[in-house]
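Shown below is the structure under consideration.
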Amino acid sequence: MKCPACKSESVRRSRRRPADGAFRATFFKAYRCRECQNRFWKIANAPLVGAIAAASVLATFVLGIAAGVLLGGPAPGIQATTAELSSSAASAGGGAGDSPAPPGGDSALFSAAEEGDAKAQYQLGVAYLRGEGTTSDLALAYKWIEKSALQGYVEAQFALGQMHQVGRGALQSFPLAFKWYEKAAQQDHAEAQYRIGLMHRTGQGIPTDKSKAYVWFLIAAAQGHERARDSRDNLRPALTPEQLQEAQQLAQAWRPVVAKQ
């Protein structure tokens, strides 16, 4: 069995949850991917579910005929109801949650993301992350945001850093958080510059280096970042005059790479 999100074969059974509902608890089994932490469902008794769906369709069809005989025409909504039940039966046979609908039904956004548009990939990932117009799916959120970040989209790089730093939708990893923050910071993302300044100052994921922290606080503060300005001022007494002078020179010489918007 493979994870539908990342295609990894490292899959284990997942414990049932109260929110899963009686239908899923009865007819499906829950699994979780060890690699991307995606939780998904597979049908546990396909013949039974198919039989129930087929019986429902048949019963609706028979009732429709009866209504037609008694009322002189097809029962209102009979065709739509039958189509919906048939669709449900097909979905049950294919597994639950394998192909989530585009957020808000925005097929244009989904198509653009699949065609490689970095901004669309980021927006799609954020929609899945926040559950905007769709069910929240952290595995899909990470998938699309990572695709965008790998293309150099600065907001996606920052978002990926956040996901790794707090462990939401990704395994918590301070070195990976720093890696993606730094990529965004190099594209002049002020909040990312402030974040890596903090990580240098505290030694979170990297060795402590107050001089480098001061450099990044200077760079972010120059963009008007207030917390970076406060952190810069608070850190200043911990550095020697020589360290302060070198940091000022490094900050003045620093130039961002061209950001991909």
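The values are calculated or read from the model by the stated rules, or taken from the named source; none is laboratory data. None of the values given here were measured: they were computed from a predicted structure. No Cβ is skipped: glycine too gets one built from the backbone with ideal geometry, and neighbour counts run over all protein chains shown. Side chains included, ligands, DNA and RNA excluded: accessible areas come from the protein's heavy atoms. Shrake-Rupley method; radii C 1.70, N 1.55, O 1.52, S 1.80 Å.
Can you give the accessible area per residue of the range 142-230, in Å², using a 1.4 Å probe?
It amounts to 41 Å² per residue over the range 142-230.
Within a Cβ distance under 10 Å of R201, other residues only, what is the Lys/Arg minus Asp/Glu net charge?
Combined, the nearby Lys, Arg, Asp and Glu give +1.
Now a separate question. Suppose R0 equals 30 Å. What FRET efficiency, 1/(1 + (r/R0)^6) with r the Cβ-Cβ distance, do N234 and F174 give to the nearest 0.05?
0.85
Starting at the first residue of the range 118-132, write each ³J(HN,Hα) from the Karplus equation 6.51 cos²θ - 1.76 cosθ + 1.60 with θ = phi - 60°, in whole Hz, x for Gly and Pro.
In residue order, the calculated couplings are 5, 5, 5, 4, 5, 4, 5, x, 5, 4, 5, 5, 8, x, 8 Hz.
Now a separate question. Is the shape of the range 216-261 rounded, prolate or oblate, going by the alpha carbon gyration tensor and its root eigenvalues a ≥ b ≥ c, with a/c under 1.5 for rounded and a/b larger than b/c for prolate?
oblate
Using heavy-atom solvent-accessible surface (probe 1.4 Å) with all chains present, what is the largest-first order of I43, I145?
I43, I145
If you don't mind, another one. Quote to one decimal, in nm, the extra length available between E242 and S111 on full extension: 0.36 nm per residue of separation minus the C-alpha distance between them.
This chain segment gains 41.7 nm when fully extended.
At 7 Å along the Cα-to-beta-carbon direction for both T208 and Q249, put a label point, then send me their distance in nm to one decimal.
With each label placed 7 Å out from Cα toward Cβ, I get 2.6 nm.
Let me ask another. Past the 18 Å Cα-Cα mark, which pairs from K183/K210; K119/K183; K179/K212; K147/K179; K2/K29?
Flagged as over cut-off: K183/K210.
Now for a different question. Of S148, G169, A220, which is farthest towards the positive pole of the range 103-223's charge dipole, taken about the Cα centre with +1 and -1 on the beta-carbons of Lys, Arg and Asp, Glu respectively?
Comparing the listed Cα positions along the dipole, A220 ranks first.
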